[in-house]
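The values are calculated or read from the model by the stated rules, or taken from the named source; none is laboratory data. What you see is a predicted model, and the numbers here were worked out from it, not measured in a lab. We place every Cβ from the backbone using ideal geometry, glycine too, and count neighbours over all the protein chains shown.
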Amino acid sequence: MAKAPLFDVAPHYNIAPSQLIIGVTKNSPFIARQMLWGFVPTWGDPGKSKIRPINARAEKINTSFYKGDFERNRCLIPANWFYEWKRISVDGKEKKIPYLIQMRDKRLFSFAGVYSVHEDARGKDLYLAAIITTKANSLMKSIHERMPVIVEKHDYELYMDGDARKVVEILKPLVSSKLEAYRVSKLVNNPMNDNRQVTEAVED
């Protein structure tokens, strides 16, 4: 018998840090949970912490800040695309040009994530998450030096349940041939613009 959904998932086209994202947890691989995008380790205090990274570098995932949660609390974060901003100089002034990056076949994919669980003011579980990033592949290098880790389907089981030392080995950039990127409107710079228009291609 299929389980009833725990919450409704409305489509989002432009999610910003500190907003809710969806994560599939390691300990409950068939349950999607709502998580706040901004990580505080289990040993930290969300009410006092001024550091809430949205990204966790793969190269530092086994350091003390992330280590315990990476060993116990890994998640997959589903997405259809992500945005990145290319920095260019125009007349001596820096400009940031937004790009949308997606799978070439347009399919849903999953970011590698790490999360922690805290207690909110009502005594309920509060999930806080970060997306793990790695060095850019050849496609992304023209836009940004980093990119999120995209976990391939054949590595889902390893990522969710494998030994952390083995999991680190798959935190690599996805091959460029599986991705495509195109420029989008600066409307995406404002998270209030959460509609399909922000995903539309514009001319370079």
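I need a count of the residues in the stretch 132-170 that are assigned to a helix (DSSP H, G or I) and closer than 23 Å to Phe65 by Cα.
Quick first cut of the stretch 132-170, residues assigned to a helix (DSSP H, G or I) only: 140-142, 153-161, 164-170.
Filter again for closer than 23 Å to Phe65 by Cα, leaving 158-161, 164-170.
Final tally of qualifying residues: 11.
Does Ile15 count as surrounded by 15 or more Cβ atoms within 10 Å (Cβ to Cβ), touching a residue at least 12 places away in the same chain (Cβ under 8 Å) and assigned to a loop (DSSP other than H, G, I, E, B)?
Values: surrounded by 15 or more Cβ atoms within 10 Å (Cβ to Cβ): yes; touching a residue at least 12 places away in the same chain (Cβ under 8 Å): yes; assigned to a loop (DSSP other than H, G, I, E, B): yes.
Taking the combined requirement at face value, the residue satisfies it.
Just to be sure, is Ile101 part of a loop (DSSP other than H, G, I, E, B) and either in contact with a strand residue (DSSP E or B) (Cβ under 9 Å, 6 or more places away or on another chain) or surrounded by fewer than 19 Cβ atoms within 10 Å (Cβ to Cβ) (or both)? First the steps, then the outcome.
On the way: part of a loop (DSSP other than H, G, I, E, B): no; either in contact with a strand residue (DSSP E or B) (Cβ under 9 Å, 6 or more places away or on another chain) or surrounded by fewer than 19 Cβ atoms within 10 Å (Cβ to Cβ) (or both): yes.
No; evaluated as a whole, the condition is false for this residue.
Which residue is modelled with the lowest pLDDT, if the candidates are limited to the stretch 1-33 and must be of a type outside the set (A, V, I, L, M, F, W, C) and closer than 17 Å to Pro191 by Cβ? Outline the logic, then answer.
Filtering the stretch 1-33 down to residues of a type outside the set (A, V, I, L, M, F, W, C) leaves 3, 5, 8, 11-14, 17-19, 23, 25-29, 33.
This time we only want the ones that are closer than 17 Å to Pro191 by Cβ, so: 11-14, 17-19.
Values: Pro11: 86, His12: 94, Tyr13: 97, Asn14: 97, Pro17: 94, Ser18: 93, Gln19: 95.
If we take residues in the stretch 1-33 being of a type outside the set (A, V, I, L, M, F, W, C) and closer than 17 Å to Pro191 by Cβ, then Pro11 is modelled with the lowest pLDDT.
Looking at Ser89, Ser64, can you tell me which residue is outside any loop (DSSP other than H, G, I, E, B) and modelled with pLDDT under 95? Outline the logic, then answer.
Working: Ser64 fails: outside any loop (DSSP other than H, G, I, E, B).
Only one candidate passes the filter, namely Ser89.
Among (1) surrounded by fewer than 20 Cβ atoms within 10 Å (Cβ to Cβ); (2) in a strand (DSSP E or B); (3) not hydroxyl-bearing (Ser, Thr, Tyr), which single condition is Ala121 missing?
(2)
Return a yes/no flag: does the stretch 41-52 have any residue that is at pLDDT 85 or above, closer than 27 Å to Glu157 by Cα, in a loop (DSSP other than H, G, I, E, B) and touching a Phe, Trp or Tyr at 6+ places or on another chain (Cβ under 7 Å).
yes
Identify, by number, the condition in (1) touching a Lys or Arg at 6+ places or on another chain (Cβ under 7 Å); (2) within 19 Å of Met140 (Cα to Cα) that Cys75 doesn't meet.
(2)
Can you name every residue in the stretch 107-125 that is at pLDDT below 95 and of a type in the set (A, V, I, L, M, F, W, C)?
Ala121
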